[in-house]
1. Go through segment 36-68 and give me each residue that's assigned to a loop (DSSP other than H, G, I, E, B) and surrounded by 15 or more Cβ atoms within 10 Å (Cβ to Cβ).
2. Please go through segment 120-146 and pick out each residue that is surrounded by fewer than 17 Cβ atoms within 10 Å (Cβ to Cβ) and in a strand (DSSP E or B).
3. Which ones in segment 147-170 are surrounded by 20 or more Cβ atoms within 10 Å (Cβ to Cβ) and assigned to a strand (DSSP E or B)?
4. Only one of these conditions is not met by residue 98: (1) closer than 17 Å to residue 47 by Cβ; (2) surrounded by fewer than 19 Cβ atoms within 10 Å (Cβ to Cβ). Which number is it?
5. Quick one: which residue in 71, 104 is closer than 29 Å to residue 58 by Cβ and assigned by TED's automatic domain parsing to the domain that holds residue 202?
6. For residue 755, state whether it is modelled with pLDDT of 95 or more, under 27 Å from the mean Cα position of the chain (by Cα), crowded, with 19+ Cβ neighbours inside 10 Å and within 27 Å of residue 130 (Cβ to Cβ).
7. Within the group 687, 713, which residue is buried (at least 18 other Cβ atoms within 10 Å of the Cβ), in contact with a helix residue (DSSP H, G or I) (Cβ under 7 Å, 6 or more places away or on another chain) and touching a residue at least 60 places away in the same chain (Cβ under 8 Å)?
8. Given 663, 671, which one is part of a loop (DSSP other than H, G, I, E, B) and either in contact with a helix residue (DSSP H, G or I) (Cβ under 8 Å, 6 or more places away or on another chain) or not assigned by TED's automatic domain parsing to the domain that holds residue 296 (or both)?
C-alpha cells in the first residue's frame, strides 16, 4: 500500500501538549527503607520510612519529595521534628539546619495511604467470591509515589529495603535478597534488601498465598511464584527461564547481574508483565493448560521481562522520552531468544509481527519520532513505536554494523553504563567511540524522525544490452517524516533455482540501479525483510510464483501477499502448495490467510481441501489449523464455509482454532450463524478463549438478537477478558444506535481497565455525538494514560466523523449484500 501522507498522516501530540524535560533535583536519593503494614480489609497501608538523601550543593535547606494522596503524620531529621508543607502530591520538607554538599540527609517519615495506584489490594467480593487475597505493586511509570515517599523519576537511582508484616500464611516477594523471615504475634515479617541502585519505579512488593518453586542456574537463585491454585501450570510457563539466562548472557557477553531472579504471577495485574529489578511481576493470563499451549506460549513475555534485567534495570533511560532504550531492547531480545529457541525463521517472523503491529498504529492512529518529549502523560509513550518499531530499528542497526560489531558494541554499552540512567545521545556517542561510525543519519531518520520509507519500485529490461534497471522512488512525506531515508538493501535475483543476492544503498528520493544479467525469473526486494518499509513492486504472476516456490521464508510471505491480490487458478494452486507442503508453520499460515483474502469460490474450495487434508493431523502446528478457521470467515453467506466451520467446532481440540471458528461463523452472517454462536456459550476453556470467540462472532454478525447475550457476558462476575470481548461486540451491533449506550457508559467507570478500554472503543464505534459529555466526564476520573488518550481521540473522531459514518455504514451493507449474491450465483454454477 502506498499512503497519501498528506491525508493519512496523524500527529501524536494533541494541540495543547507541551515539551517536557528531564526533572531537576537538589539531592541524590541514596537509600530507602520502609516498614510496611498493609491492612487488607481496609485496603490501606501504614509506612515507617527511613530515606537517605545526599545534598548536591551547599546550604541545602529544603527537599521536595513525591507523595501522592497520603496522610503524612510526621517527618524527622536526626530525631528532630521537621516542618513541612504538603499539598497531596508533593511534600516540601524544611530541614532544621543547612546541609553541606555531599552530606547525607537521613529522614524518618511516618505516613498512611489508601492508594488508588501504585499498590493494589486484590480479594474476594460479591462478584468474584473465590478471588485470592493479594497485594502487589506496579510502579511504572511514576506510581511508586502512591505508596512510598520518594523522588519518583528515572534519572535518580537508589538502593531499597522493604520489611513487610503480613498474615502468617502469606508469602511476600520483593527486590534483592531475603534478609530475614520471622513469625511474630501471629504475623509473618519478611525483610528484603536490594543493593543494586535502581530507579524507584522498579521497586516492588507482592504478597499473598503463593506457591514458591525454587530453581537455580549458575549460582543464580530462581523463584517461580504463583497463586496456590495455579501451581500445576508453573513448568509450562517458566521451564525455559534458565536457558534464557544462559543464552542472553552468552550473546551479549555479560552475565546476569543479580544474585536472584524471581517471577511472581498475581491476579488482576494491569499489564502483561513488569520488569521490577530481579523480581518480575506477571499477569495470571500467562499460565495456561496443555490445550492452550503452542497457540499461546509464555516464552515471549518471560524473555521480554528477563531481557529488561539488563536493558531497563541495570541500565535505564533517564527520561521517559528515551524509554526505547528499555522497551525496544527488551522487544528485540525476545525475538533474539526465539532465534535460539525456535529457529531463524521464527526470529524473522517475530520481527515481521513487530512490523505489522507498528504499522497498524502508524496507519490507523498516529506517527511520531521514537524519541519525543512532547506528551502529556509518560504512559502514552509506551506504544507500538516505543516497543516494536524500536525493536526493528535495533535489527537494522545490527544489519548496518554486522553481527560481530553489533554484539561487541552491545557488550561495551553494558559495561560502560552499568548502574546508570542514560539517554539516546549517550548511546550514540558510545557507538561512535567504539565503532568509528557516526551513524548520525541512521538515528536522525529512525529515532528522531517519524515514519519509514515508502518505496515505489519498477523495473525495465534491455534485451540488447542484457541490463536490468531497477528504479526506486521514495514516496513518503509529512511533518516529521524524512523526505529521504538512507539504507542499504539486499536484492535477490532468481534464474531457475539459482539465487544471487546483490546489495545496493538507497540514498536519494529517486534512484536507478543497473545490473548486468539475463532477465531474472524472479526479483525479491529485501529478501529477509530487514528494512522497515512500505513497498509497491509490480511483478508478473509468473515471477511471484517462482519467488514463492524457490524463495526463503520472508520472500514466500511477501510473494503470497502480492499473489493473492492477483487472483486466478494459478495463484490458488501455488498458495495450496505452500499450505500443504511447506515445513515452516508461519508460511503455511500465511498461505491460508491469503487464500481467505481472495474471497473467491475457487479459494473457498481450496481452503476446504486444505482443511480436510489437515483434519485430525496432530503433527500440523495448531496455529495453521486456527488460520483455516480465520480464513473461512471471508466468505459471507457461504453454506460450504459454514459447514466447514461447524466441522471444526465439532472436531477440533485446540481452543484457538475453535474460537476463530466461532468468530468466522459470525463474519459470514449466514442465517444459521446466530444459533451456532448461541450453542457455543456452553464451552469452557482457558481464559474463556472459546466464549471470547463467540462474543466476537456476535459482534461481527451485527444481529440485534445478540444484545442480551452480550450484556449478560459483559457483567461483573464473568471473566474480565470475556467481559471485554462482550463490550467490544456491543459496540459493533449497536453501531449508530443509541439503545446500548447506557450499558457502555456504565462500563466507562468499571473497576477493570480492560473493560473501560473496551467501553471507549465500543462508544467510538457507535459514534454518536450525545456520547461526548459522558466521555468528557470519564476522562476526568480516568487514571490510566492510555485510556485517557483513547477517550480524547474518540471525542475528536466522533466530532470529525459524524457526517461520514452513515454513508460508510450504508456502503458496507450494500457490499455485504453484493458479496452474498455473488456467492449464491457461484454455488448455483458449481452445482
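The values are calculated or read from the model by the stated rules, or taken from the named source; none is laboratory data. Computed from a predicted structure; not experimentally measured. With ideal geometry, Cβ positions are generated from the backbone for all residues, glycine too; neighbour counts draw on all protein chains shown.
1. 40, 43, 67, 68, listed by residue number.
2. Correct list: empty.
3. 150, 158, 160, 161, 162, 164, 166
4. (1)
5. On inspection, the qualifying residue turns out to be 104.
6. yes
7. Just a single option satisfies the conditions, and that option is 687.
8. The match here is 671.
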